[in-house]
Amino acid sequence: MSTTTAPAPLTTQDAEALVTVAYRAAEDAGVRVSVTVLDAGGHLIAFRRDDRAVLISGETSTRKAYTALQLDSPTADLVEAVQPGGVFHTLPTALDRPLLFIAGGVPVHRDGRLIGAIGVGGGAPEQDHAFASTAVESLA
């Protein structure tokens, strides 16, 4: 009989660490961002918005995290899939969910299992992706 141990869930401490690393990476680059961390159930467990970040960055960071979580993929890898002719072309309008196919959302895994996601909004998409990826890499 084989037993499988589930990985430890994403903790508040993990989430705060992810926010701190992403936020600092953005600060070092001179970019004002919002950072959202969701647990595996899609629940908000950490959020920070620079008071100088564009207001919409809070919403975009959350939607990017949600999209990365639901599709278990960095949003940067999904941008082409929603273009005309892409496999997910109709997905953004087919669901009544806050999906956003712009780079900056990255799933968080532990022991090969999805445990949450981080989203960064406020910079250029490639910057947001880099800040989120840096944060996820720091958690390992």
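The values are calculated or read from the model by the stated rules, or taken from the named source; none is laboratory data. Computed from a predicted structure; not experimentally measured. Here the Cβ is made from the backbone with ideal geometry for all residues, glycine too, and neighbour counts use every protein chain on show.
Check region 88-100 and report whether any residue there is more than 15 Å from A135 (Cβ to Cβ), modelled with pLDDT of 95 or more and buried (at least 18 other Cβ atoms within 10 Å of the Cβ). Looking for residues that are more than 15 Å from A135 (Cβ to Cβ), modelled with pLDDT of 95 or more and buried (at least 18 other Cβ atoms within 10 Å of the Cβ), one finds none in region 88-100, hence no.
If you check T36, T20, T11 for being surrounded by fewer than 15 Cβ atoms within 10 Å (Cβ to Cβ) and either touching a strand residue (DSSP E or B) at 6+ places or on another chain (Cβ under 9 Å) or of a type in the set (K, R) (or both), only one passes: T11. In region 1-28, the qualifying residues are those that are of a type outside the set (A, V, I, L, M, F, W, C), assigned to a loop (DSSP other than H, G, I, E, B) and under 15 Å from R110 (Cβ atoms), and the one that is modelled with the lowest pLDDT is T4.
Taking each residue of region 120-140 that is closer than 13 Å to S57 by Cα and looking for partners that are in a helix (DSSP H, G or I) and among the aliphatic types (A, V, I, L, M) with beta-carbon atoms closer than 6 Å, six or more apart or interchain, yields V120/A22; V120/A132.
The set of residues in region 69-80 being surrounded by 19 or more Cβ atoms within 10 Å (Cβ to Cβ) and more than 10 Å from G42 (Cα to Cα) consists of L71, P74, T75, A76, L78. Within region 47-62, being surrounded by 22 or more Cβ atoms within 10 Å (Cβ to Cβ) and either on the phi > 0 side of the Ramachandran plot or more than 8 Å from the chain's Cα centre (by Cα) (or both) holds for S57, T60.
Given the options G86, G58, name the one that is touching a strand residue (DSSP E or B) at 6+ places or on another chain (Cβ under 7 Å) and either of a type outside the set (S, T, N, Q) or closer than 16 Å to L10 by Cα (or both). Give the derivation first.
Numbers: G86 fails: touching a strand residue (DSSP E or B) at 6+ places or on another chain (Cβ under 7 Å).
So the residue among G86, G58 that is touching a strand residue (DSSP E or B) at 6+ places or on another chain (Cβ under 7 Å) and either of a type outside the set (S, T, N, Q) or closer than 16 Å to L10 by Cα (or both) is G58.
Tell me whether region 120-136 contains one or more residues that are buried (at least 18 other Cβ atoms within 10 Å of the Cβ), aromatic (F, W, Y) and on the phi < 0 side of the Ramachandran plot. Within region 120-136, one or more residues are buried (at least 18 other Cβ atoms within 10 Å of the Cβ), aromatic (F, W, Y) and on the phi < 0 side of the Ramachandran plot.
Within region 57-87, the residues that satisfy the criterion of being at pLDDT 90 or above and polar (S, T, N, Q) are S57, T60, S61, T62, T67, Q70, S73, T75. Cβ-Cβ below 6 Å, separation at least six or inter-chain, first residue in region 47-73 and farther than 15 Å from A26 by Cα, second at pLDDT 95 or above and part of a helix (DSSP H, G or I): which pairs? Every condition considered, the pairs that remain are K64/T75; T67/T75; A68/T75.
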